[in-house]
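The values are calculated or read from the model by the stated rules, or taken from the named source; none is laboratory data. Treat the numbers as computed from the prediction; the structure is a model and nothing was measured. Don't worry about glycine lacking a Cβ; one is built from the backbone with ideal geometry, like all the others, and counts go over all protein chains shown. Each accessible area value is taken on the protein alone, full model and side chains, heavy atoms only, with ligands, DNA and RNA left out. Shrake-Rupley method; radii C 1.70, N 1.55, O 1.52, S 1.80 Å.
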Amino acid sequence: MSERKKTLMFDAVALVLLGLAVWTAWAYSPHEAAQIEDVGQEFFPEFKDPLEAARLEIVKYSDGQVYRFEVAQKDGRWVIPSHYDYPADAEEQLAKAATALIGLKKLDKVSDDRRSHAEFGVIEPDPEKIDELAAHKDEEVGMRVIMADKDGNRLAALIIGKKAAEEHKNIHYVRVPGQDRVYKAEIDPAQFSTSFGDWIEKDLLKLDAWDIRRVVLNLYSFDETQGRIKEQDRLVLTYDENASGNPWKLEGLKEDQELDTQKLNDMRYALDDLKIIDVRRKPEGLGRALRQVEGGAIDPATVIDLARKGFYLTRSGELISNQGEVIVTTKEGVEYVLRFGEVAEQTIDQATKKKDDDEESSITANRYLFITARFNPEMIPKPDLKPLPELPPEEGKQDGDKDQAGPKPDQAQKEEKPKDKANSGDKQNANDKADDKKKDGKKDGDKSDAKPQKKTREDIIAERKRIQKENERKQKEYDEKVKKAKEKVKELNDRFADWYYVISDAEYKKIRLTRADIVKPKKKEQQDNKQGNASGSGALDQAGKLLQQGTTKPQSEKKAPAAEKKQSGSAEKAAPKASGPVVAPEKKTTKENAAGQNASAGQKPPAAKAKP
């Protein structure tokens, strides 16, 4: 090889090395500087208004599965598409989530190496790459948050990873999907909740604990193989807040038993604040049938769907449940029927909860709940309507009314014919005497014996109007209560018709109480006190009788005065009242006393012997 060729070869190699050096310098130094310059800047500078957000998607990974939670605005209302378009109360919650992303800044650069994503927990939970995700631990996969407007345009997207261990604030490792660089940012993952209960209306039953008046715990289980109910127990509880002592009463409670008031009150509050953690949509025909609208039907597919959830239809059309039911009645006449079915699968929030959490909700079972409402008219007292006083006939019509109501002419003629003259004369004399007595009574009668003034026709008409107006007010008030209760029942059934609800095991145990949960034996001290009070009251009664005997005369002493009083009373009746001054009686001889006694006994006195 000539020297010229060698020189050209070395020059070519030098140019290649120089080009590589230049490219390396450009690739690292200038590009690195450009990326460092974005520290301190916002992740999403064009996202300024939280009201622009119309959709939020949160994706998590756990135990080899990807879980997706989505809230969106459809046809002017908020729904949860990941949960069968269940109605959402999402406006406030979504605004909080949007605010967490608006103005979010890049605090520091951590790494540009894709291989470090697992270390910082920012691997993207992509459902299409489930096989790749299976090779990683759960904590190595981050939570992906995507927010979009009503047209589907992406407003923000972020993968949130582990918390920075050395930081005291909510500093987490984050990255933008599609980019390798990992940053530090101050963000609270709790703002992006996947808990179903955080995105729905909290007051499911529209029930106030203080309105509850009756609770029936109809406890049974259904044997699917034999198709019959078994292990049945029925507890009827009433609640009266104005009652003295325990407001709870149980039918058939024994003397040596008492109620656990704390558990019963916990049940009341659990019903007031019933927490559902998930839902499943019912078959369309079943929902229409429960709303009593056209198109409602229960076909074989519906029966199968009900049975899978733990609910069964009898031949008579009655719906029974696998784990019994609780019937709650309010003072306004609304009655709730809560039927408990089969065990339900875990929710996203439960499945993705960290295994080192102390809460047991991540491993306990959930339960299907079927809710209906009905109207109970017995809870609304009927109005006490007063009868109207009888209206007397007008003065001009009194005689005419009497003539019309009098006896028939033939009967009158028969009555006028006297049976004999003697009888007619006796009747006339009796009538004359009666008239004389009436006249004497009117002259000599006391004022105290005078009858109250008779109400006039105008007074009675005014009284009738007053009573009628009061009755109309009472009836209207009653009708309004009935109407309001029926409207609420319809509103509730329209709300419950399309959904199987899912509640946690803890909530289930608060509401479906058993006899062993609420009935307990009385403490020995209470029984002793009760017996002591009973014996004490008996001793007091006995002491009272003795005291009464000590302050009253003996029976033997009472007889003599009674006899004397009787004799004196008979003597007073026999003796005429004196109109003049009171004079002391003269002493009578023995014969005179005997004559007086005979006279009082109705016997004639013996004839006096003539003196010789």
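Summary of values
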| item | result |
| --- | --- |
| Index of the failed condition, residue 121 passing every other in (1) modelled with pLDDT of 95 or more; (2) on the phi < 0 side of the Ramachandran plot; (3) not acidic (Asp, Glu) | (2) |
| Sole exception among (1) at pLDDT 55 or above; (2) surrounded by fewer than 13 Cβ atoms within 10 Å (Cβ to Cβ); (3) in a helix (DSSP H, G or I) for residue 453, by number | (3) |
| Test: residue in the range 178-191 that is modelled with pLDDT of 95 or more, of a type in the set (Phe, Trp, Tyr) and either assigned to a helix (DSSP H, G or I) or surrounded by 14 or more Cβ atoms within 10 Å (Cβ to Cβ) (or both) | yes |
| Subset of the range 227-250 (residues that are in contact with a Leu (Cβ under 8 Å, 6 or more places away or on another chain), open to solvent by 60 Å² or more (accessible area, probe 1.4 Å) and of a type in the set (Asp, Glu)) | 231 |
| Scope the range 266-301; condition among the β-branched types (Val, Ile, Thr), closer than 17 Å to residue 369 by Cβ and open to solvent by 30 Å² or more (accessible area, probe 1.4 Å); matching residues | 277 |
| Odd one out for residue 169 among (1) modelled with pLDDT under 95; (2) within 23 Å of residue 352 (Cβ to Cβ); (3) out of contact with any Lys or Arg (no Cβ under 9 Å at 6 or more places or on another chain) | (2) |
| Pairs, first within 17 Å of residue 508 (Cβ to Cβ) in the range 210-236, second of a type in the set (Asp, Glu) and surrounded by 14 or more Cβ atoms within 10 Å (Cβ to Cβ), C-beta under 6 Å, six or more apart | 218/325 |
| Any hit, the range 336-350, residues being of a type in the set (D, E, K, R), surrounded by fewer than 19 Cβ atoms within 10 Å (Cβ to Cβ) and within 19 Å of residue 223 (Cα to Cα) | yes |
| Complete set of residues in the range 147-164 that are surrounded by 15 or more Cβ atoms within 10 Å (Cβ to Cβ) and outside any strand (DSSP E or B) | 149, 164 |
| Filter pass, residue 173 being over 21 Å from residue 53 (Cβ atoms) and open to solvent by less than 20 Å² (accessible area, probe 1.4 Å) | no |
